[in-house]
Amino acid sequence: MNVYLKKLAVPLCITMVIAGCIIWIILQNLYKNKGSIAEVRVSGETIMRLDLSENTRIKLNGEEGIDIIIVVENGGIYVEHSDCPDKICEKKGRITDTGDSIVCLPAHTVIEVIKK
Ligand SMILES: [Zn+2]
């Protein structure tokens with residue numbers, strides 16, 4: 001190893017460590033919600049589990065003849081449309097974190113983000 005390379009070795013190592021950290025942080029954010037599952041319950045009964053890393057749109061039949069359209073998008077889940085009168089579930093918006101839930105009382109439906 002010549003002198004020039006020796007001088008370069010330390011800064012190069014530091015740069016690589018920093019670059020590694022940055023890549024790691026980016027990957028962490030990218031896969032933050034990877035492995036999150038949303039559980040859909042109607043009248044206390046789990047009727048489906050949705051992987052939040054797979055974008056999808058599902059029509060659900062709640063109680064009292066209320067249809068709910070659930071959308072899974074980029075690690076989150078939200079109610080796009082519900083036939084319920086209060087629309088509280090629609091107003092709740094997108095949920096992403098474990099423990100977050102969307103409740104539609106008229107349809108006896110609960111959507112909760114759980115960990116796998
Ligand atoms: Zn509702």
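What follows is calculated from the coordinates using simple rules that are stated; it is not laboratory data. On a predicted model such as this, the values are computed, not experimentally measured, just so you know. Methodologically, a virtual Cβ is constructed for each residue, glycine included, from the backbone with ideal geometry; neighbour enumeration extends over all protein chains shown.
Tabulated data
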| read-out | value |
| --- | --- |
| Selection from Asn61, Pro106, Cys89 lying farthest towards where the dipole of the chain points positive, charges on Cβ | Cys89 |
| Projected-area average for the chain over all orientations - Cα convex hull basis, square nanometres | 9.3 nm² |
| Computed label-point distance, nm, for sites Thr98 and His81 using a 7 Å Cα→Cβ extension | 3.5 nm |
| Helix 3-30 axis, angle to the chain major axis (alpha carbon atoms, nearest 10°) | 0 degrees |
| Cα-projected label distance for Ile47 with Ile25, points at 7 Å along beta-carbon direction, nm | 4.4 nm |
| Gain upon complete extension [Thr15, Glu64; 0.36 nm per residue less C-alpha separation] | 11.5 nm |
| Cα-centred dipole magnitude for region 1-101, charges only on beta-carbon of K, R (+1) and D, E (-1), debye, nearest 20 | 980 debye |
| Under 5 Å, built H, 5+ apart or other chain: amide partners of Ile47 | Val40, Arg41, Val42 |
| Of the GluC sites (Glu not before Pro) in region 37-107, those whose Cβ has at most 12 other Cβ within 10 Å and which sit in DSSP loop | Glu54 |
| Using distinct alpha-carbon pairs, which all enter the 1/r mean, Kirkwood radius of region 15-72 in Å | 14.1 Å |
| Per-residue Cβ neighbour rank within 10 angstrom, fewest leading, Arg94, Arg57 | Arg57, Arg94 |
| Quotient of Cα Rg and 2.2 N^0.38 Å for region 54-116, N being how many residues it contains | 1.03 |
| Where no second cysteine Cβ lies under 4.7 Å, the cysteines concerned in the chain | Cys13, Cys21, Cys84 |
